[in-house]
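Okay, structure first, notes after.
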Amino acid sequence: MHFWRRFTEGVEMEKSDCRTTPADALVIFGVTGDLAHKMIFPALYAMAKRGVLTVPVVGVASSTWSLAQLRKRVKESIKQAGSIDDRPALDLLLSQLQYVAGDYNDPATFKKLKRKLGASRRPAHYLAIPPALFSIVIENLGASGLADQARVIVEKPFGRDLASARELNRIALSVFAEDSIFRIDHYLGKEAIMNILYFRFANSFLEPIWNRNCVASVQITLAEDFGVKARGAFYESAGCLRDVIQNHLFQIVALLAMEPPAFQGFGAVQSEKAKVFQAMRPLQPDDVVRGQYAGYLDEPGVSKLSDVETFCALRLFIDSWRWQGVPWYLRSGKYLATTAAEVLVELKPPPQRLFDDAAAPEGRANYLRFRLSPNSAVALAARVKRAGKEFVGDQRELFLLNEQAGQETPYERLLSDAMAGDGALFTREDAVEAAWAVVDPILDTHHPVQLYPQGSWGPEQADTLLPAHGRWHNPVR
Ligand code: BG6
C-alpha cells in the first residue's frame, strides 16, 4: 500500500515536473504567414526585451526562404507593430532564429526540423497554420519523435463544428497528453477578461446578487467598425458565429457565469468553465439573428451569392440553478458604429415603486458594466437623489478604471505561459467540445442573413431577440 502510494506520488511528481519544465525551443509552423507577422514576432520581441526569450526559435514554412529573409521579415513586423527601441533585444531574437523550409506532408521536413533542434528535448510547437493542416502536422510530429516531452500550441479556430473539434481532439490526444496541448483563445490573455475572474471572486459583495434572483439579463457586445479586410476568403469559411462568438464571447460568458472554483489552481477554473458550456441550452434558429454588411459581397474572396454572416446576435440560456431563466444576449459584428467591447449585467429593479421619477422598470434597474476594450474598466450604476425637495434622482456610475501601463499583450502572455507549461489561460478539450455542442444545431440550419448598412448597429431584426421595451446597450468609444 505504502509502496503503491509512494510509487504513484513519484510518477505524479515526474509528470508534473515535465509539465512545468520550461520548453527548450520554440517551433513556429507557418512562420512566413500573417499571424506570425502581425502577432507572434512582436510578442517574441517583447519577450526578448523582458529577458524571457532564451531558447532557439525555429520557423517552419513551405516557402524556400533564406534565414536572412526571415530576419528581415521579423524586423519589418516589429517596426510595423511599434518601433525598434531595444537593439540588443532585437539582436538576441534574430540570433535565436532558424528556418526550415518544407512541405508539411513530407516526413523529410520533420527530419530536417529534428536536426535543427539539435540537443533540444522539450520543444513547444506552435501551429500558426490554416486549421486544415493541424492534423497532418500533429501526426508527423508524433511519427518523427518530435512530440515526446513536447508541447503543442494550437491557434483558433479549433474545429469548425462539434464533429471536427472532436476529431481534432482525438488526433491531438493520440500524440500529446491533454496538459501538453495549449489551445489558444487570445481573449483569455487580455487583462480585461482576466479581471472578470478576479473581480468576481476577489470581492465578496458581488456573490449574493450574482444569480437569477437579482440579475435580470446579461448583454455582451463586441463591436468593430471595420470590415473583413483582406480576410474575405477566411470569413466565407467561418462567419461571425464561428469567428468570435463560439470562442471569445462564450469564454466571457463562462467567466461571468461559472461557480466559484473549489480550490486554488487553474484545474478548478477550467472545470467550472466547462460546466457552464455543458449547462448552456443548445441554440435554435429563432435564437439567432444573422446580418451581413452592405458591400460584403464585393470584398475579395467573397462569393457574390454569399449568405455568410458578418454580424450575429443571439439569445442564450444557461440551465443551471444559478442562471435559470436569465437571458444572455450576445452580439458581434463587422462595420458597426464603433469599435468597443462591453458586458452589461442588468439587475432587477426594486420590487416596490416608492418614487415617481423612475416609472419604467428599465429606468430603475441598476447595472454592472464591464468595459473590455479599447480600455478596461468596471462601472456600477446606482440611482442617487438630486439635491432638492423632490425625491427624484438619476442613475449614476461608480467608475473603476483598471488600466496599467506596460501590460503584456495577449500573445506575449499566452506564448510565455505555454512555453512555461502553464495552462491556466488555455481552453480544455471538454470545454471546447461543449461550446461547439451549443452552436452546432444552428451552424447549417438558420434564417438567411439580413443586410445592414455600414456604420449601423446591425440589422433591426436583432431587437426581436429582446423582450418588449428591451434595448441593446451600445457601447461608446
Ligand atoms: C479574432 C477574429 O479572433 O478576433 C477577428 O478572427 C476579430 O475577426 C478579432 O477582429 C478581435 O480581437 P481583438 O483582440 O482585436 O478584439
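Taking only protein heavy atoms and a 1.4 Å probe, what accessible area per residue, in Å², does region 188-465 have with all protein chains in place?
Values: 12240 Å² over 278 residues.
Here the residues of region 188-465 average 44 Å² of exposed surface.
With the cut-off at 28 Å, tell me which of the pairs 114/156; 229/304; 273/304; 49/334; 72/114 have Cα atoms farther apart than that.
Working: 114/156 26 Å; 229/304 17 Å; 273/304 40 Å; 49/334 34 Å; 72/114 24 Å.
The pairs that break the limit, which is 28 Å between Cα atoms, are 273/304; 49/334.
How far is helix 162-175 tilted off the main Cα axis of the chain, in degrees rounded to 10, range 0 to 90?
It is inclined by approximately 30 degrees.
Return the whole-Å distance between the Cα centroid of region 235-265 and the Cα centroid of region 22-67.
Cα centroid of region 235-265 versus Cα centroid of region 22-67: 27 Å apart.
Under a crude label model (7 Å from the Cα following the beta-carbon direction), how far is residue 163 from residue 338 in nanometres?
So the label points at residue 163 and residue 338 sit 4.3 nm apart.
Residue by residue through region 138-151, what is 3J(HN,Hα) from phi via Karplus (6.51 cos²θ - 1.76 cosθ + 1.60, θ = phi - 60°)? Round to whole Hz and write x for glycine and proline.
4, 5, 5, 5, x, 5, 8, x, 8, 9, 5, 6, 9, 10
Along Cα→Cβ, 7 Å out, is where each label goes; now give me the distance between the ones at residue 203 and residue 397 in nm to one decimal.
With each label placed 7 Å out from Cα toward Cβ, I get 1.4 nm.
For the pair residue 83 and residue 471, how long in nm is the line joining their label points, each one 7 Å along Cα→Cβ?
4.4 nm
Which distance in Å, rounded to a whole number, links the C-alpha centroids of region 377-429 and region 298-313?
33 Å
To the nearest 10 square angstrom, how much accessible area does residue 106 have with a 1.4 angstrom probe?
Using a 1.4 Å probe on the heavy atoms, I get roughly 70 Å².
At a threshold of 8 angstrom on Cα-Cα distance, excluding pairs fewer than six apart, so keeping six or more, what relative contact order does region 188-465 reach in percent? Walk me through the intermediate numbers first.
Details: 495 pairs, mean separation 77.9, N = 278.
Taking the mean separation of contacting Cα pairs over the length of region 188-465, I get 28 percent.
How large is the accessible surface of residue 315 in square angstrom, using a 1.4 angstrom probe and rounding to the nearest 10?
60 Å²
Largest first, how would 436, 65 line up by accessible area (1.4 Å probe)? Mind showing how you got there, number by number?
On the way: 436 5, 65 65 Å².
Solvent-accessible surface, decreasing: 65, 436.
Over the chain, what relative contact order in percent results from Cα pairs under 8 Å that are six or more residues apart?
Working: 850 pairs, mean separation 85.4, N = 477.
Reported as a whole number, the value is 18 percent.
Could you tell me the relative contact order of region 348-466? Use alpha-carbon pairs under 8 Å, at least six residues apart, and round to a whole percent.
Values: 94 pairs, mean separation 16.1, N = 119.
Taking the mean separation of contacting Cα pairs over the length of region 348-466, I get 14 percent.
Taking the Cα atoms only, what angle lies between the long axis of helix 87-96 and the longest principal axis of the chain, rounded to 10 degrees?
It works out to around 60 degrees.
Let me make sure I get this right: for region 359-477, a, b and c are the square roots of the gyration tensor eigenvalues over alpha carbons, sorted descending. Under 1.5 in a/c it's rounded, otherwise prolate if a/b > b/c, else oblate. Which is it?
Working: a/c = 2.37, a/b = 1.29, b/c = 1.84.
It comes out oblate by the Cα gyration axes.
Along the Cα-to-C-beta direction of residue 454, a point sits 7 Å from the Cα; which residues of region 289-311 have their amide N less than 19 Å from that point?
291-311
Given the chain, what percent of its DSSP beta bridges are antiparallel, to the nearest 5?
Working: 41 of 72 bridges.
The answer is about 55 percent antiparallel.
Carbon-plus-sulfur fraction of the accessible area of the chain, 1.4 Å probe, in percent?
Numbers: 12250 of 22240 Å².
Carbon plus sulfur share of accessible area: 55 percent.
Leaving out ligands and nucleic acids, and using a 1.4 Å probe, what accessible area per residue does region 3-184 come to in Å²? It would help to have the intermediate numbers written out before the result.
Values: 8650 Å² over 182 residues.
Roughly 48 Å² per residue, with all protein chains present.
Which shape class applies to region 188-465: rounded if a/c is under 1.5, otherwise prolate when a/b exceeds b/c and oblate if not, where a ≥ b ≥ c are the square roots of the Cα gyration tensor eigenvalues? If you can, show how the numbers build up before the last one.
Values: a/c = 1.60, a/b = 1.22, b/c = 1.32.
Oblate is the answer for region 188-465, as a/c is 1.5 or above yet b/c matches or exceeds a/b.
Mean residue ellipticity at 222 nm from the helices of the chain, using -39,500 (n - 2.57) per DSSP H segment of n ≥ 4 over the full residue count, to the nearest 500 deg cm²/dmol?
Value at 222 nm, helices only, nearest 500: -10500 deg cm²/dmol.
Please report, in whole Å³, the volume per residue of the convex hull around the C-alpha atoms of the chain. Intermediate values should be presented prior to the final figure.
Details: hull volume 83.8 nm³, N = 477.
Per residue, the Cα convex hull of the chain comes to 176 Å³.
If the reach is capped at under 30 angstrom between alpha carbons, list the lysines near residue 385, excluding any in the same chain fewer than eight residues apart.
Straight-line reach from residue 385, under 30 Å: 348.
Checking the cross-link filter: which lysines have an alpha carbon closer than 22 Å to that of residue 111, excluding same-chain neighbours under 8 positions apart?
Partners found: none.
Can you list residues from other chains, or at least 5 along the same chain, whose modelled amide H is less than 5 Å from the amide H of residue 373?
It is 341, by chain and number.
The values are calculated or read from the model by the stated rules, or taken from the named source; none is laboratory data. Please read all numbers here as calculations on a predicted model, not as lab measurements. Neighbour counts are summed over all protein chains in view; Cβ atoms, including those assigned to glycine, are modelled from backbone coordinates with ideal geometry. Ligands, DNA and RNA are excluded from the accessible area calculation, which covers all protein heavy atoms including side chains. Shrake-Rupley method; radii C 1.70, N 1.55, O 1.52, S 1.80 Å.
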